[in-house]
1. Using the basic label-point model (7 angstrom from Cα toward the beta carbon), what is the residue 249 to residue 282 distance in nanometres?
2. With the radius of gyration and the Kirkwood radius both derived from the Cα set of the range 327-417, what is their ratio Rg to Rh?
3. What is the gain in length, in nm to one decimal, between residue 331 and residue 181 on full extension, counting 0.36 nm per residue of separation less the C-alpha to C-alpha distance?
4. Listed highest first by mean packing, meaning other Cβ atoms within 10 Å per residue, what order do 325-338, 229-242 come in?
5. Place a point 7 Å from the Cα of residue 173 along the Cα-to-Cβ direction; which residues of the range 123-144 have their backbone N under 18 Å from it?
């Protein structure tokens, strides 16, 4: 249900947009500490306005609305929770409770010390449930002008105990699938905010794991684009089946999004969406690499091609000069024979490696692809051999000699257009 629009109607004091503004200020150091966030009680049954709690900054702040990946952001919450006008004193920033350790051999597997997401504090959860006792759950379905319900706000803030209590009250009323103005359900907001505990709770309570926003982005797409590996872990530990091959409206699977995001990190940029996910902590290259690993572990098909340009994850990695991901993708059991000579509009990964503009990773990528069976005699739609795409100059000349010497020595096993 959407609220009635009118001059007498006032929005809850903390919409997702306002919450994100304070979290971004906290992350950037603009403010010493965010103000206490008031979680309002449900509006009275007679239709009176939502009560407004004191707020230091009533100015709304927009949720990032960028393409192809948009979303809310947030952090894991803490403090004393309840739903009857209590205050959340602070929202501590999230931090991974483990350190990645690179293998001794280049391209070797990452060893991660991962700590399971702890359950919410029993006293906090009991207090949140008690605060909801006796209230009409339908009042919790009220939406503000941006379509945000109380559950959306709690998910964006990473406030796990009250979010779980609210979700429990709403699950039989369809409240887990209510969408805000960007089409995001509470699960999608929680996934973008890196609120892994809430993601797991919502899935266990019955939230649709394959729900997509107005851009076709599922929770997996959002976690991949913004570099939140703990979201993948939460989804796996929930035991709820999820479609790892879902396509967004760009025709990309979550694996494609994760590869593009890792490429952008290597080049000093942001995600393909233009940001790291609202107020969420900026992910590291290790976080983004872990997202790719977890998607492969979940069964993502590395030979899937995006529907707009027919690129596989390997094409994308090679085109981005991403030697680490190329190693990872080719090392997957049985992957190399399927991937190494697949074509995207006629170009194999070797064509793309040869077309790189003399980057430091060009020669290692060419040698890697040849070692895994790339065919230097394959021609693209313009009838070009890979050697014909090499840049002029001594480095290109050396690789040209290498490709000529190897031409015809290996034949393609798969040539998917």
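1. According to this spin-label approximation, the distance is 3.0 nm.
2. Details: Rg = 12.1 Å, Rh = 12.9 Å.
A ratio of 0.94.
3. Values: separation 150, 0.36 × 150 = 54.00 nm, distance 4.17 nm.
Here the segment from residue 331 to residue 181 would lengthen by 49.8 nm.
4. Working: 325-338: 18.1, 229-242: 19.9.
With the highest mean Cβ count within 10 Å placed first, the list reads 229-242, 325-338.
5. 128-144
Only the coordinates and a few stated rules stand behind these numbers; no lab work does. Predicted, not measured: the structure shown is a model, and the values here were computed from it. Ideal geometry is used to build each Cβ from the backbone, glycine not excepted, and the neighbour counts take in all protein chains shown.
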